[in-house]
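What follows is a set of notes on a single structure, which appears directly below.
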Amino acid sequence: MIWGTIRRKVASSQVLGQAWKVRHGASTQSCYRTVPKEALFIGKGFECVQSSSYHILLGDHVSKTSREATSLYQTESFIRLRNRSFSSDSGDLVEAVVPFMGESITDGTLATFLKKPGDKVAIDEPIAQIETDKVTIDVVSPQAGVIQKFVAKEGETVEPGVKIAIISKSGEGIEQVAPSDAQPEPPKEKESAEKQVPKAEPAPAKGTTAQPKPRAPSPPPSPKRVASEPQLPPKDRERRVPMTRLRKRVATRLKDSQNTFALLTTFNEVDMTNLMKLRSDYKDAFVEKHGVKLGFMSGFVKAAVSALEHLPIVNAVIDGDDIIYRDYIDISIAVGTPKGLVVPVVRNAGGMNFAEIEKEINTLAKKAADGSISIDEMAGGTFTISNGGVYGSLLSTPIINPPQSAILGMHSIVNRPMVVGGNVVPRPMMYVALTYDHRLIDGREAVLFLRRIKDVVEDPRRLLLDV
């Protein structure tokens with residue numbers, strides 16, 4: 001049983017004793033207003049509509065000028081509150097507000113409006129986009145109707161619950177700009193003749209000599225351009241564009257990584273012959289059974305899991321004066337999108353097979369590309385893999401993704417002459433790089449870690465035998 005008390009300011013001091021209308025199940029008791037300033041709710045679940053002054057209730061609020069529908073639900077250990085703004089006193093206007101954006105996100109930037117005042121919108125149709133440090137979130141219309149006006153501007157910083165638009169369900173009261181108001185009055189072309197005719201100078205008096213007019217001082221000669229002076233491009237050929245919140249967040253995190261970690265990178269090369277043959281031999285059967293293509297990324301994820309299990313220090317992280325050893329393996333996959341770099345996480349990668357890894361990577365990559373990936377899908381991660389080879393990178397030094405301690409960089413596959421069995425033969429080779437925090441990971445562990453990845457990729461049978 002849950003007791004909830006909502007205090008209300010009431011103009012009259014009379015006890016009405018009239019029951020409020022409550023919709024409830026068979027096990028829900030009634031709700032009465034028995035005291036002028038208090039209403040006591042008893043029951044397992046109820047829902048009522050009321051007007052009240054501003055009060056804080058379980059982290060939410062009820063607006064003073066709007067009518068709110070408030071619902072309390074009882075679970076085994078907590079109460080959950082949900083509210084939704086309804087129409088004003090006229091019953092026609094509704095407000096579109098910024099939605100909840102995630103536990104770690106307190107505000108965002110109103111990036112753009114997808115509609116204009118006067119446009120018709122359907123219920124749950126996006127009307128604006130909020131750009132946060134990690135993802136872009138849509139603001140949807142709570143009701144079908146016509147946008148009356150916007151009450152926020154693009155570029156403003158907004159918080160969850162902030163009102164950004166007023167929507168009329170009937171479409172009444174929408175101001176239309178008249179053509180006469182939109183176009184300014186053209187300037188007059190004709191001027192009076194008096195203004196065009198110059199005034200005559202007065203004649204000098206008799207017996208006097210006309211004084212010559214003083215000459216205007218000549219402008220100083222312009223300095224001659226020195227031959228060595230650089231020719232700068234004009235400013236009209238430059239554009240200044242504000243950084244998106246995602247780009248600013250990425251820039252801050254990468255710079256913090258450089259300032260915090262003792263970054264060091266070690267390199268090796270991998271012969272991709274056996275992994276490519278495995279993929280070629282079983283790609284059709286793999287697609288037929290699992291419905292997803294077999295790529296190289298799943299092989300490197302399995303190799304990274306094996307290396308992390310052999311060298312758990314790479315999966316650890318420094319926290320103050322302590323080292324946190326994480327007994328789980330969540331692999332972050334760096335994905336480049338038009339809006340910036342995002343790093344979705346493959347959870348519990350140590351317990352997944354090739355098909356499960358490929359399916360999860362494909363799902364996360366599609367969400368990242370269309371902007372529908374959530375905060376939870378990018379939170380955490382104990383080790384990152386970045387594949388610059390898809391863009392043609394031959395060699396690079398990746399930067400650690402905080403709060404991790406290492407990152408693996410994959411690169412493009414290039415046929416190079418290699419000595420195999422005393423003979424020079426062409427082999428598909430890939431350079432791999434491991435950037436690690438040298439404060440925690442010694443060079444020995446880093447080299448052995450990268451060597452383990454090389455051994456598993458070059459001979460995937462090691463995964464079956466655990467050798």
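The values are calculated or read from the model by the stated rules, or taken from the named source; none is laboratory data. Please read all numbers here as calculations on a predicted model, not as lab measurements. Cβ coordinates were reconstructed from backbone atoms using ideal geometry, including for glycine residues, and neighbour counts include every protein chain displayed. The accessibility values were calculated without ligands, DNA or RNA, using every heavy atom of the protein model including side chains. Shrake-Rupley method; radii C 1.70, N 1.55, O 1.52, S 1.80 Å.
Here are the numbers for the structure shown:
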| item | result |
| --- | --- |
| Radius 14 Å from Cβ of Asp466, net charge of other residues (Lys, Arg +1; Asp, Glu -1) | +1 |
| Backbone N within the range 393-417 under 13 Å of label point (7 Å from Asn268 Cα along the Cβ vector) | 408-409 |
| Heavy atoms of Lys302 accessible to a 1.4 Å probe, total area in Å² rounded to 10 | 40 |
| Gain upon complete extension [Asp319, Asp376; 0.36 nm per residue less C-alpha separation] | 18.3 nm |
| Exposure rank, largest accessible area first [Val343, Val467, Val456; 1.4 Å] | Val467, Val343, Val456 |
| Stretch gain in nm, segment Arg237-Leu278, where the contour uses 0.36 nm per residue and the Cα spacing is subtracted | 9.5 nm |
| Largest-first ordering by accessible area, 1.4 Å probe, given options Asp319, Asp92, Asp466 | Asp466, Asp319, Asp92 |
| Chain lengthening between Lys153 and Leu463 when straightened (0.36 nm per residue, less Cα-Cα) | 106.0 nm |
| Too-long pairs where the Cα-Cα distance tops 28 Å, listed order kept, from Lys339/Lys359; Lys293/Lys454; Lys134/Lys255; Lys115/Lys359 | Lys115/Lys359 |
| Glu269 long-range amide H proximity, modeled H, under 5 Å | Val432 |
